[in-house]
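Okay, so here's the structure we're looking at.
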Amino acid sequence: MVEAVIRFEINNDSLTLDDIDNCLFEAGFDDAIVSHSGGGTIAIELSRDATSHAKLVESVVATVMSVIPSAKVIQASSGSWQTSQKQNINPIKNKDLANPGVDVSISRIRSQQKLRSIAEIEDGDIVDIPDDKELLHPARYFEALYLHKFRAQGLSNSDLSKVLGLSVEQFSDFLKGNEGVTITFAKRLEEVTGMPSEFWLRTQSKFDNSRK
C-alpha cells in the first residue's frame, strides 16, 4: 500500500468547491481526502495499492487532469497530510497501553461517500463541514477514518478511552452517538488523530443544530 499527498492548482475560477469534489468523486477518488485551501489549490491524500510512489502519483495526476484539464500539479509527497506538513509526535504512542509503542499515524482514507463533506476553509488549514452536506455525528467520522485502524493495532475501548480522557462508558456512548464533543474532548481527539479540534467542534455543532 502506497500513500501520497498530491497538490494541484485548479486554475478555473468557475468551479466551486462542490464542483471540484463532484468531479473527483466521479473520477474514482471516493477513497481519498480532498482538501481545499486559499488560492484555488487542492490536496488529494490517498492510500492505494501501487508498485511505487511515482506510479501512484502518475496515475492520480493523469486522472485529475482528465476531469479538470486546467489543473496543474504543484507538489507530490509520500506519507500522510499530517507527516507531510510537519512532524507531530502522537501522544498515544507514549501512553501506557496494552500495545505500547504502536504507531497510529494514518492516511485518513475516506471510506464512504458521506465523508465528502470534509474540506478546508479557503483562508486557512482549519477543516470545515459545508452547510449543504449530510450532517453526521462526530463519532461517525472517528469510526470511518480512525477506529478500524486502532482496532487493527489491537487497541481496545479501554485503551482509547484512557488516552481520550473518557471513561469506558463515555467512550461507548460516544461511538453510539450519545456523547457530544466538548472543547477538551476535541483537543484530545486532535492529539490522537491529528485532525484539528475545530473540525470535531464544528461537526458536533452542525449535528446538534440539525436536530433542533
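The values are calculated or read from the model by the stated rules, or taken from the named source; none is laboratory data. Predicted model, so just to flag it, every value in this text is computed and none were measured. Because the Cβ atoms are built from the backbone with ideal geometry, glycine has one as well, and the counts that use them run over all protein chains shown. Ligands, DNA and RNA are excluded from the accessible area calculation, which covers all protein heavy atoms including side chains. Shrake-Rupley method; radii C 1.70, N 1.55, O 1.52, S 1.80 Å.
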On the basis of being assigned to a strand (DSSP E or B) and open to solvent by 50 Å² or more (accessible area, probe 1.4 Å), does E3 make the cut? yes
Taking T63, is it part of a loop (DSSP other than H, G, I, E, B) and β-branched (V, I, T)? no
Within segment 187-212, tally of residues that are touching a strand residue (DSSP E or B) at 6+ places or on another chain (Cβ under 8 Å) and either open to solvent by 10 Å² or more (accessible area, probe 1.4 Å) or under 15 Å from G177 (Cβ atoms) (or both): 3
Condition first: at pLDDT below 85 and of a type in the set (D, E, K, R). Now tell me which residues in segment 30-48 satisfy that. D30, D31
Name every residue in segment 55-91 that is open to solvent by 70 Å² or more (accessible area, probe 1.4 Å) and either modelled with pLDDT of 85 or more or more than 11 Å from I6 (Cα to Cα) (or both), in order of residue number. K55, E58, M65, S66, P69, K72, I74, Q85, K86, Q87, N88, I89
